[in-house]
Amino acid sequence: AQSVAQPEDQVNVAEGNPLTVKCTYSVSGNPYLFWYVQYPNRGLQFLLKYITGDNLVKGSYGFEAEFNKSQTSFHLKKPSALVSDSALYFCAVSLNSGYSTLTFGKGTMLLVSP
Amino acid sequence: SQTIHQWPATLVQPVGSPLSLECTVEGTSNPNLYWYRQAAGRGLQLLFYSVGIGQISSEVPQNLSASRPQDRQFILSSKKLLLSDSGFYLCAWSTLAGARNIQYFGAGTRLSVL
């Protein structure tokens, strides 16, 4: 079985400050990891994914995420937050083997204040 | 380019009425298709996925069913809606079977069962 934990329901950050949204995962094997963003009443948009290789993955809108195998984490980061980054962020995991569906975390609301 | 369409965008239905939500994908062939439900603006629950016409896998036993009558058409149905069926329903597609593939989401249907 695979699972994702996003320990923070909400993250508050001031515009211009760095942001981190936390994600830890559990799979019985090597993971594929994803971050998605959801704006109000919209579908999810893909931000970035980790498959293999470099532990630091760069994605859309200046976001990046760092894969840490020993800590089973895949935290989302951005050096300088924008008010327009305010949205709901989902971490997701699937198993690196055959066909496996995505398992999503419960989401973290990011609020960036002006 | 590929696009995914979901309709209707919003739906208000009485308890006990039937349901039919439709999802279609353009610009690709043989997509994997998925139905998710998002309750109370948070975590996604995978309901069904399909790797081909007439092939449906159910993740959670419930009051809903899914069908795939054509390659790029995925339908979510119910014979009799329950109050607990209220939520935000999202359709998604991916290009290939396999855990590494990005899922792309439609804009969603907000269902209110009264």
Query raised in the report: Can you spot a residue in the range A:20-27 that is part of a loop (DSSP other than H, G, I, E, B), modelled with pLDDT under 95, among the β-branched types (Val, Ile, Thr) and surrounded by fewer than 20 Cβ atoms within 10 Å (Cβ to Cβ)?
Result: no
Query raised in the report: Conditions: (1) within 14 Å of another protein chain (Cβ to nearest Cβ); (2) modelled with pLDDT of 95 or more; (3) in a loop (DSSP other than H, G, I, E, B). A:Phe90 meets all but one. Number of the miss?
Result: (3)
Query raised in the report: Which numbered condition trips up A:Ser70, out of (1) of a type outside the set (D, E, K, R); (2) part of a strand (DSSP E or B); (3) free of Cβ contacts under 8 Å to residues at least 24 places away in the same chain; (4) surrounded by fewer than 18 Cβ atoms within 10 Å (Cβ to Cβ)?
Result: (2)
Query raised in the report: Is one or more of the residues making up the range B:45-56 more than 12 Å from chain A (Cβ to nearest Cβ) and within 12 Å of the chain's Cα centre (by Cα)?
Result: yes
Query raised in the report: Under the condition of being modelled with pLDDT of 95 or more and not in a strand (DSSP E or B), which residue from the range B:17-35 is nearest to the chain's Cα centre (by Cα)?
Result: B:Pro18
Requested in this report: Just give me the residues in the range B:41-77 being at positive phi and in contact (Cβ under 8 Å) with a residue 40 or more places away in the chain, in sequence order.
Outcome: B:Gly41
Query raised in the report: Exactly one of (1) more than 26 Å from B:Gln38 (Cα to Cα); (2) within 10 Å of chain B (Cβ to nearest Cβ); (3) crowded, with 17+ Cβ neighbours inside 10 Å is unmet by A:Ala81. Its number?
Result: (2)
Query raised in the report: Got at least one residue in the range A:35-43 being out of contact with any Leu (no Cβ under 9 Å at 6 or more places or on another chain) and either buried (at least 16 other Cβ atoms within 10 Å of the Cβ) or of a type outside the set (Ser, Thr, Tyr) (or both)?
Result: yes
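Quick grid of which residues meet (1) β-branched (Val, Ile, Thr); (2) not in a loop (DSSP other than H, G, I, E, B):
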{"site": "B:Val15", "(1), (2)": "yes, no"}
{"site": "B:Arg37", "(1), (2)": "no, yes"}
{"site": "B:Arg42", "(1), (2)": "no, no"}
{"site": "B:Val51", "(1), (2)": "yes, yes"}
{"site": "B:Arg68", "(1), (2)": "no, yes"}
{"site": "B:Ile75", "(1), (2)": "yes, yes"}
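The values are calculated or read from the model by the stated rules, or taken from the named source; none is laboratory data. For clarity, every value in this text was computed on a predicted model and none was experimentally measured. Cβ: placed from backbone, ideal geometry, glycine included. Neighbour counts: every protein chain shown.
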